[in-house]
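The block underneath contains the structure these notes are about, expressed in structure tokens.
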């Protein structure tokens, strides 16, 4: 399935549960908390795309696609049922990602998974998506809450990786601060606090506090002094 390509010859953008699984496997060795959240499971494979992409994927896999009724206003463009080793699954192609606005192409991360080149949605955008789904969708037979709990250490590891690039002067600190501000915005509002209380999620753990404390970067130090020393719940990010 990861061999399929879009009209531009690129891997389709992986979103949803399988994207969460990718980040969990990537950070499993450095985030012990992920050990307790195994197994990482998701029945379906979700890609970003439209009706043309449903047809393109079905042709490449030589499978028959299905489409939602035209009268339904749905983000789902179509479904391609398939089977791996006797296990039935679906490829779902969705037009838009809940909780994520604007173009998602800039949010795609180039990576390799099981020897295949992939494009995967970044973990902060996945966090935004899963928060929206937990808040708006009945959770019977869904895995959005477990995915949120998996994403917490994944976002922490992602921000830590990002911060190390700042420390090596490979990227400007403002890029890292932009990502942290987005995480703070997502996890300190009323909706996030309600979800945290209901599902036992400790949002302050989402930041790489040890790495932030050790940072020698002036802007990161200012962020720490202005935002974190006053307590996580009052943090709203800083100007970048």
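The values are calculated or read from the model by the stated rules, or taken from the named source; none is laboratory data. Everything quoted here is computed from the prediction, not taken from an experiment. FYI the Cβ positions are ideal-geometry reconstructions off the backbone, even for glycines, and counts take in every protein chain you see.
Brief remarks on what is shown
- Some residue of region 29-40 being touching a strand residue (DSSP E or B) at 6+ places or on another chain (Cβ under 7 Å) and free of Cβ contacts under 8 Å to residues at least 24 places away in the same chain: no
- Selection within region 43-68: residues that are under 14 Å from residue 12 (Cα atoms) and assigned to a loop (DSSP other than H, G, I, E, B). The member of this set that is farthest from the chain's Cα centre (by Cα) is 50.
- Unique match (being in a helix (DSSP H, G or I), in contact (Cβ under 8 Å) with a residue 40 or more places away in the chain, out of contact with any helix residue (DSSP H, G or I) (no Cβ under 7 Å at 6 or more places or on another chain) and closer than 28 Å to residue 132 by Cβ) among 181, 160: 181
- Per-region count, region 41-73, residues within 22 Å of residue 97 (Cα to Cα) and either in contact with a strand residue (DSSP E or B) (Cβ under 7 Å, 6 or more places away or on another chain) or buried (at least 19 other Cβ atoms within 10 Å of the Cβ) (or both): 18
Every residue, every condition in (1) closer than 17 Å to residue 202 by Cα; (2) within 10 Å of the chain's Cα centre (by Cα); (3) crowded, with 21+ Cβ neighbours inside 10 Å, yes or no:
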position: 115; (1), (2), (3): no, no, no
position: 121; (1), (2), (3): no, yes, yes
position: 124; (1), (2), (3): yes, yes, yes
position: 127; (1), (2), (3): yes, yes, yes
position: 130; (1), (2), (3): yes, yes, yes
position: 137; (1), (2), (3): no, no, no
position: 140; (1), (2), (3): no, no, no
position: 143; (1), (2), (3): no, no, no
position: 149; (1), (2), (3): yes, no, no
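- The lone exception for residue 171 - which of (1) closer than 21 Å to residue 30 by Cβ; (2) out of contact with any helix residue (DSSP H, G or I) (no Cβ under 9 Å at 6 or more places or on another chain); (3) assigned to a loop (DSSP other than H, G, I, E, B) it fails: (2)
- In the condition set (1) farther than 17 Å from residue 166 by Cβ; (2) at pLDDT 90 or above; (3) outside any loop (DSSP other than H, G, I, E, B), residue 221 is compliant with all but (1).
- Residues being at negative phi and exposed (fewer than 13 other Cβ atoms within 10 Å of the Cβ) - total across region 190-208: 5
- Filter result (modelled with pLDDT under 95 and either over 12 Å from residue 195 (Cβ atoms) or touching a helix residue (DSSP H, G or I) at 6+ places or on another chain (Cβ under 8 Å) (or both)) within region 118-143: 137, 138, 139, 140, 141, 142, 143
- The residues in region 209-218 that are surrounded by 14 or more Cβ atoms within 10 Å (Cβ to Cβ) and assigned to a helix (DSSP H, G or I) can be counted, and the count is 3.
- Residues of region 88-116 classified as in a strand (DSSP E or B) and within 20 Å of residue 161 (Cα to Cα), total: 6
- Every residue from region 111-149 that is without any contact (Cβ under 8 Å) to a residue 12 or more places away in the chain and under 20 Å from residue 37 (Cβ atoms): 139, 141, 142
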